[in-house]
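Step one of this worksheet: look at the structure below.
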Amino acid sequence: MELRELRAFVAVVEEGGLSAAARRLHMSQPALSQTVSGLERQLGVQLLVRGSTEVQATGAGTTLLAEARGPRPA
């Protein structure tokens, strides 16, 4: 797993969709989709549920998101 893949995943979840995340990351939506799909293949789990207008993190995606963000101050 590369840092750019993790950043892409976090952006997708935070933005709620691939198009908005692609704009935020200054990349094309198909390239971002491939990046996230590659991360899912590497990890062997589905990270996102893709809807027609938005995406949501799966249980595994929520766990990865928490790990990617690191510990929260108390």
First in the range 52-74 and without any contact (Cβ under 8 Å) to a residue 24 or more places away in the chain and under 14 Å from residue 9 (Cα atoms), second anywhere and part of a helix (DSSP H, G or I) and open to solvent by 60 Å² or more (accessible area, probe 1.4 Å), Cβ under 9 Å, 6 or more apart: 60/43
Residues of the range 15-36 that turn out to be in a loop (DSSP other than H, G, I, E, B) and under 12 Å from the mean Cα position of the chain (by Cα), as a count: 2
Matching residues in the range 41-64 - criterion: being of a type outside the set (S, T, N, Q), surrounded by fewer than 17 Cβ atoms within 10 Å (Cβ to Cβ) and under 15 Å from residue 5 (Cα atoms): 41, 43, 44, 45
So residue 1, is it in a loop (DSSP other than H, G, I, E, B), of a type in the set (A, V, I, L, M, F, W, C) and without any contact (Cβ under 8 Å) to a residue 40 or more places away in the chain: no
Scope the range 9-40; condition touching a strand residue (DSSP E or B) at 6+ places or on another chain (Cβ under 8 Å), of a type in the set (A, V, I, L, M) and either surrounded by fewer than 16 Cβ atoms within 10 Å (Cβ to Cβ) or more than 16 Å from residue 64 (Cβ to Cβ) (or both); matching residues: 18
Subset of the range 37-74 [of a type outside the set (Val, Ile, Thr), modelled with pLDDT of 95 or more and not in a helix (DSSP H, G or I)]: 44, 46, 47, 48, 57
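The values are calculated or read from the model by the stated rules, or taken from the named source; none is laboratory data. These figures come from a predicted structure and were not determined experimentally. Every residue, glycine among them, receives a Cβ derived from its backbone with ideal geometry; neighbour counts consider all protein chains shown. Note: accessible area is taken over every heavy atom of the protein model, side chains too, but ligands, DNA and RNA are not part of it. Shrake-Rupley method; radii C 1.70, N 1.55, O 1.52, S 1.80 Å.
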